[in-house]
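Here is the structure we will look at.
The values are calculated or read from the model by the stated rules, or taken from the named source; none is laboratory data. This is a predicted model, so every value here is computed, not measured. As a convention, Cβ positions derive from the backbone with ideal geometry for all residues, glycine included, and neighbour counts pool all protein chains shown. Areas reflect the complete protein model, heavy atoms only, side chains present, ligands, DNA and RNA absent. Shrake-Rupley method; radii C 1.70, N 1.55, O 1.52, S 1.80 Å.
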Amino acid sequence: MNKLIIFPTDTVYGLGTTLDDKEGIDLIYNIKKRPKSKPLAILCADLEQIEEIAIVDARAKRIINKYMPGPLTVILNAKEKTAKLTGLKTIGVRIPNLDLAINILKENGPMFVTSVNESGQTSLDDYAIINQLYKDKVAKIYPKINVSSHLPSSVVDLTKYDIIMLREGAISLEEIKNV
């Protein structure tokens with residue numbers, strides 16, 4: 001049974017599944033026509049969920065507490081059990097700033113999530129269009145109540161001494177370094 005869901009976040013609609021759903025993860029890559037070399041972000045409901053799957057040092061905790069929930073994805077070293085489950089040594093984690101998304105993540109646990117679109121195309125953010133294009137490909141599509149920012153999250157790598165900006169979105173590298 002397909003366990004993929006599409007749900008709104010504070011940035012754009014997300015296509016996701018649980019961390020242990022290997023078939024679902026493969027299906028996400030197929031639906032998006034996304035190269036397997038591009039990892040998926042993991043959305044979490046709170047810091048506690050992040051700490052269950054990733055190694056969170058003092059610097060990472062300060063940055064997470066300052067900017068999450070919100071449009072920031074941080075790359076962290078995966079805990080050993082997460083690495084065994086996902087095959088990833090580092091993972092990108094984010095807490096969305098939207099109650100519906102948080103509730104879905106509390107219910108399902110951390111989830112691999114990516115924007116709803118074909119890889120390289122603009123993210124879709126219209127429920128009617130998403131429903132028309134994806135209703136036969138996923139188990140459930142949640143309608144959006146609030147307006148999304150339409151901006152992708154900023155992505156920073158915290159696995160090394162220097163903070164490395166991989167994608168600048170709503171939050172700048174300078175803002176992050178000031179924390």
(request) Answer with one residue from Tyr134, Ser154, Ser123: the one whose Cα lies farthest towards the positive end of the charge dipole of segment 102-179, charges on Cβ with Lys, Arg +1 and Asp, Glu -1. (result) Tyr134
(request) Just add up the charged neighbours of Ile50: K/R +1, D/E -1, any other residue whose Cβ is under 15 Å from the Cβ of Ile50. (result) +3
(message) Suppose all protein chains stay in the model; what accessible area per residue would a 1.4 Å probe give for segment 107-179, in Å²?
(response) 62 Å²
(request) May I ask for the net charge around Tyr29, where only other residues with Cβ less than 13 Å from the Cβ of Tyr29 are counted and Lys, Arg are +1 while Asp, Glu are -1? (result) +3
(request) Can you tell me which of 106-118, 130-142, 89-101 comes out highest on packing, and rank the rest after it, using the mean Cβ neighbours within 10 Å? (result) 89-101, 106-118, 130-142
(request) Give, as a single signed number, the net charge of other residues whose beta carbon lies under 14 Å from the beta carbon of Ser123, with Lys and Arg counted +1 and Asp and Glu -1. (result) 0
(request) For Lys135 and Thr90, compute 0.36 nm times the residue count separating them, minus their Cα-Cα distance, and round to one decimal in nm. (result) 13.0 nm
(request) Tally up the carbon and sulfur contribution to the accessible surface of segment 36-179 as a whole percent, 1.4 Å probe, everything protein left in place. (result) 49 percent
(request) Obtain the nm distance between the two label points defined at Ile164 and Ser119 by a simple spin-label model: each point lies 7 Å from its Cα along the Cα-to-C-beta direction. (result) 2.0 nm
(request) Would you count, across segment 23-142, every pair of lysines whose alpha carbons are under 16 angstrom apart, provided the pair is eight or more residues apart or spans two chains? (result) 8
